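Have a look at the structure below, then the notes.
The values are calculated or read from the model by the stated rules, or taken from the named source; none is laboratory data. Note that this is a predicted model, so its numbers are computed, not measured. FYI the Cβ positions are ideal-geometry reconstructions off the backbone, even for glycines, and counts take in every protein chain you see.
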Amino acid sequence: MPDGETPANEATETVATAQPNDPATATTTGAPEANPTPGPDSSASHPAIEATGLSHAFGDVRVLEDVSLSVAPGEIVALVGPNGSGKSTLLRFLAKVRAPDEGTVTIGEAGETRVGYLPQQPGFRSGFSAEDTLQFYAQFVDDEIDVPDILDRVGLSGAANRRVEALSGGMTRLLGLGRALVGDPDALVLDEPASGLDPGMVERLFGIVSDLAADGTAIILSSHNLGPVERTADRVVVLDDGRFVADAPPREIVESAGAADLQTAFGTLVSTDGVDGR
Amino acid sequence: MSDAPPRTNDRQDLVAIATRELRTVVRTPAVVALSVVFGLTVVAVTAAGSGSRGGYVPLVLDLVPFVEALVPLLAFALCYRAVLSDRQAGELDVLRTFDVSRPAYVGGVFLGRSLALVTVVFGSLLVAAAMVPVLSPDKPTFLALNEAADSPVAFVRFAVLAVLFALATAAVALAISAAARTARQALALAIGLLVAFLVGVDAAAVAALASGTVGIDAVPYILAVSPNGAFRSLVFGVAVETGGAVSPLTALLGLGGWVVGALAVAVVTAWRPVE
């Protein structure tokens, strides 16, 4: 991929600084010399998730080009971009379930914090109920886990005894969110958590995300639901062709694009002609 | 918010995973059906064959070929997709975020599935043994001279060796499930290794002998290379004491080597560490 030749890539330098009342602590960039710049509140706490200089290729296809990103405790960062732009790949690196070709990811101050992860297509062992499934994962954390409470938070109390293979696509995703919440991790990586949910559940999901952030959880999520993203996220990072083309609070992105809303701004920032399948 | 450091208790993780595997096995109709078929086959061979009427040792000789063929089949059916299914469902990724180690995960899967396998194999053989007194004639006619050599202990030794054999084949199947990236790969590897174990190694030994590549003294050691050959040698050398082709220790090392080697492969290939 040619460097910096597209209008989208030119927007890489439209990086905005976090607003004073935002918990954001860092910016993103595709250039190594412009690694995360501390925001106004950065001295208050160490980033919950910090990625530096991530590059990755699948064979000859470069999917990430030297991207850096940090997420502060209590911050909601939304990762948006066209299909195939490298979002899921980046989120796997941030969840530390895959290693990039180059770059480092640190979770917590000394890398010791667990990150809750919702994969793009969450899967579960069939034959078990939703409650059984969460009880299984609860065994891997030291704290006492209130599984019924988790099911209630994600709106699955009524389906606690339903087998996972009998859950709808949206309910399966909610169970995946519940699984990510087991043990109250300090950082959450959610890959399209709102996909397949009805509008009411989308609002509920973003409400859950807001509540978690208010309690200090650092959250990075990818989503195509730009309306709720615009209302909920502290920062929006736009990924296109493996590079960040914008990183700012949603209002700043909308204003800098001269658009009416994030949906319209998104259309001006990225090219959605082709899908590379990342 | 949890400030707890990552967990390091592999034993607890292993038990949690083993429990889920065991529960999965008993809820999988195909595996339950295959286990029933295995048990019925052992009972049918016992009832239909002449061995059980002669005592425990003849029964062992009746059962050896069936156990050699059916135990790997059952073990492979139980294990060949265990890790692969978790990988394809994305559960391996999620388990890693809970700081579950590879040895704890693989050990748990092996323990859970092996418990089910051992229960079926050992249980079926015990049922077969229990049939001997029932099926044996009250006054043996031709075994009077042989009675001292026949004992339930011989059959128990055989059953224990069958369990070791089952563990070795289960470990191999688990290694396949960890190394394969697609269901097709797993199936191809499973079938290929099954054929190799059942006939391939024996045929290779014969071919090597016929071509003069190896001497007659080396053939027993070649046979001990396969789990089936090692099991057979142990049965004839230890259980019924008819004189095995290989020393029991060599054959035992052969089986143990398969268990350790296969589990090591499973641990290494289950997932690639991020750091």
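Listed by position, the helices (runs of 4 or more DSSP H) contained in region B:34-107 that have at least 3 residues being within 14 Å of chain A (Cβ to nearest Cβ) are B:82-88, B:91-97. I need the full set of residues from region B:23-63 which are under 19 Å from B:VAL235 (Cα atoms) and basic (Lys, Arg), in order please. Scanning region B:23-63 gives no hits. Which residue is modelled with the highest pLDDT, if the candidates are limited to region B:2-22 and must be touching a Ser or Thr at 6+ places or on another chain (Cβ under 9 Å) and exposed (fewer than 13 other Cβ atoms within 10 Å of the Cβ)? Going through the qualifying residues, I end up with B:THR8. Considering each residue of region A:173-189 in turn, none proves to be surrounded by fewer than 22 Cβ atoms within 10 Å (Cβ to Cβ), modelled with pLDDT under 95, assigned to a helix (DSSP H, G or I) and basic (Lys, Arg).
Out of all the residues in region A:148-164, which are touching a residue at least 24 places away in the same chain (Cβ under 8 Å) and either more than 11 Å from chain B (Cβ to nearest Cβ) or not in a helix (DSSP H, G or I) (or both)? Correct list: A:ILE150, A:LEU151, A:ARG153, A:VAL154, A:GLY155, A:LEU156, A:ALA159, A:ALA160, A:ASN161, A:ARG162, A:ARG163. One residue stands out in region A:131-140 among those that are facing another protein chain (nearest Cβ under 7 Å) and in contact (Cβ under 8 Å) with a residue 12 or more places away in the chain: the one that is surrounded by the most Cβ atoms within 10 Å (Cβ to Cβ), namely A:TYR137. Whether a residue is of a type in the set (Val, Ile, Thr) and in a helix (DSSP H, G or I) was assessed, and A:ILE145 does not pass this test.
Could you check, for region A:93-107, whether at least one of its residues is touching a Lys or Arg at 6+ places or on another chain (Cβ under 8 Å), within 20 Å of A:THR172 (Cβ to Cβ) and at pLDDT 95 or above? Looking for residues that are touching a Lys or Arg at 6+ places or on another chain (Cβ under 8 Å), within 20 Å of A:THR172 (Cβ to Cβ) and at pLDDT 95 or above, one finds none in region A:93-107, hence no.
With A:VAL182, A:VAL254, A:VAL270, A:VAL202 as the choices, which residue is in contact (Cβ under 8 Å) with a residue 40 or more places away in the chain and either away from chain B (no Cβ under 14 Å) or among the acidic types (Asp, Glu) (or both)? Spell out the reasoning first.
Details: A:VAL182 fails: either away from chain B (no Cβ under 14 Å) or among the acidic types (Asp, Glu) (or both); A:VAL254 fails: in contact (Cβ under 8 Å) with a residue 40 or more places away in the chain; A:VAL202 fails: in contact (Cβ under 8 Å) with a residue 40 or more places away in the chain.
Of A:VAL182, A:VAL254, A:VAL270, A:VAL202, the one residue that is in contact (Cβ under 8 Å) with a residue 40 or more places away in the chain and either away from chain B (no Cβ under 14 Å) or among the acidic types (Asp, Glu) (or both) is A:VAL270.
Within region B:157-185, the set of residues being over 14 Å from B:ALA75 (Cα atoms) and surrounded by 15 or more Cβ atoms within 10 Å (Cβ to Cβ) comprises B:ARG157, B:PHE158, B:ALA159, B:VAL160, B:LEU161, B:ALA178, B:ALA179, B:ALA180. Listed by position, the helices (runs of 4 or more DSSP H) contained in region A:199-269 that have at least 3 residues being in the same structural domain as A:LYS96 (by TED's automatic domain parsing) and either more than 15 Å from the chain's Cα centre (by Cα) or among the small types (Gly, Ala, Ser) (or both) are A:199-214, A:250-256, A:262-269.
Put simply, of A:VAL209, A:VAL245, A:VAL237 the only residue that is farther than 21 Å from A:ILE107 by Cα and crowded, with 19+ Cβ neighbours inside 10 Å is A:VAL245. Does at least one position in region A:65-72 carry a residue that is more than 8 Å from every other protein chain (Cβ to nearest Cβ), touching a Pro at 6+ places or on another chain (Cβ under 9 Å) and assigned to a loop (DSSP other than H, G, I, E, B)? Scanning region A:65-72 turns up at least one residue that is more than 8 Å from every other protein chain (Cβ to nearest Cβ), touching a Pro at 6+ places or on another chain (Cβ under 9 Å) and assigned to a loop (DSSP other than H, G, I, E, B).
Each residue in region A:199-208 was checked for being at pLDDT 90 or above and of a type in the set (D, E, K, R), and 1 of them qualify.
Of all residues in region A:115-130, those that are within 14 Å of chain B (Cβ to nearest Cβ) and surrounded by 20 or more Cβ atoms within 10 Å (Cβ to Cβ) total 7.
Being touching a Leu at 6+ places or on another chain (Cβ under 6 Å) and over 12 Å from A:LEU79 (Cα atoms) is a description that does not apply to A:VAL270.
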